[in-house]
Amino acid sequence: ILHTIQNAGVLWGPEEGGIQKLLWAGDLGESCLDMLFVTSGFVLFLPAAVRNGYFGSAKSFFVVRAARLFPAYWGVLVLMLLLIAFVDVDPPIPFPSAGDIFLTFTTLEVPLEFWNNTYFLGFGINRAIWTLSLEVTFYLILPLIALRFFKRPLIGVTVAAAIAVLWRMVFNHLQTVSGWFGFHPSAEKIFDFELISE
């Protein structure tokens, strides 16, 4: 809803208005996004919790999740590529490189943005698909931790909270931390909300 309102320009002007203040005041927008991931994780963990921590076949889980996610995702990406190729807009949207197409179709574009030092998520027209990288990562990790988390939930929650705090600290100091590893993401490219709204 947030991205639709923002991109449609409905109640979303150049000046901060009521909708912006409501959605972003006190990190409400970010908190809603966090809750999306927490809810997703909770729902995916429920079957294991009902079975006393038994997760079942990881291979079956991966096949079922991929069958639910990728056909629709790839269909949307193909549609976006067709729109970029055949619909004239001003300013024009460049057709993505083969590398960008591969990274987007495999949901690897977000992790590799640090190396690319660019901000071309969703081929420049649907940046909200970045969340799928995190969902796929969660799908890959869940079978490895489900039983351990079920047996020791307090340790699991403590580790998860520590990771969340560390993650937030790293991204609050992204320029410094990335410099330690020789990466230098441009804040202008990553956080240019004018570019996002265009």
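Before moving on, here are some points about what is shown:
- Theoretical FRET efficiency, 1/(1+(r/R0)^6), r = Cβ-Cβ of THR137 and ALA85, R0 30 Å, to 0.05: 0.50
- Largest to smallest accessible area among LYS59, LYS151 [probe 1.4 Å]: LYS59, LYS151
- Size of charge dipole - the range 48-131 - debye, nearest 20, with Cβ of Lys, Arg +1 and Asp, Glu -1, no other charges: 640 debye
- Count Lys and Arg as plus one, Asp and Glu as minus one, and take only other residues whose Cβ is under 13 Å from that of ILE145; the net charge is then +3.
- Residue ranking by accessible heavy-atom surface, 1.4 Å probe, largest first, among TRP74, TRP167 comes out as TRP167, TRP74.
- Straightening the chain between CYS32 and THR106 buys 24.1 nm, computed as 0.36 nm per residue apart minus the Cα-Cα spacing.
- Only one residue of LEU166, PHE95, LEU140 has its Cα farthest out toward the positive end of the dipole of the range 25-179, where Lys and Arg carry +1 and Asp and Glu -1 on Cβ, and that residue is LEU140.
- Computed Kirkwood radius, in angstrom, where 1/r is averaged over Cα pairs of the range 89-170: 15.1 Å
- Of the solvent-accessible surface of the range 49-89, computed with a 1.4 Å probe over protein heavy atoms with every protein chain present, carbon and sulfur atoms account for 70 percent.
The values are calculated or read from the model by the stated rules, or taken from the named source; none is laboratory data. Because the structure is predicted, anything quoted here is derived from the model rather than measured. In this analysis, Cβ positions are derived from the backbone assuming ideal geometry, glycine residues included, and neighbour counts consider all displayed protein chains. Note: areas computed on protein heavy atoms with side chains; ligands, DNA, RNA excluded. Shrake-Rupley method; radii C 1.70, N 1.55, O 1.52, S 1.80 Å.
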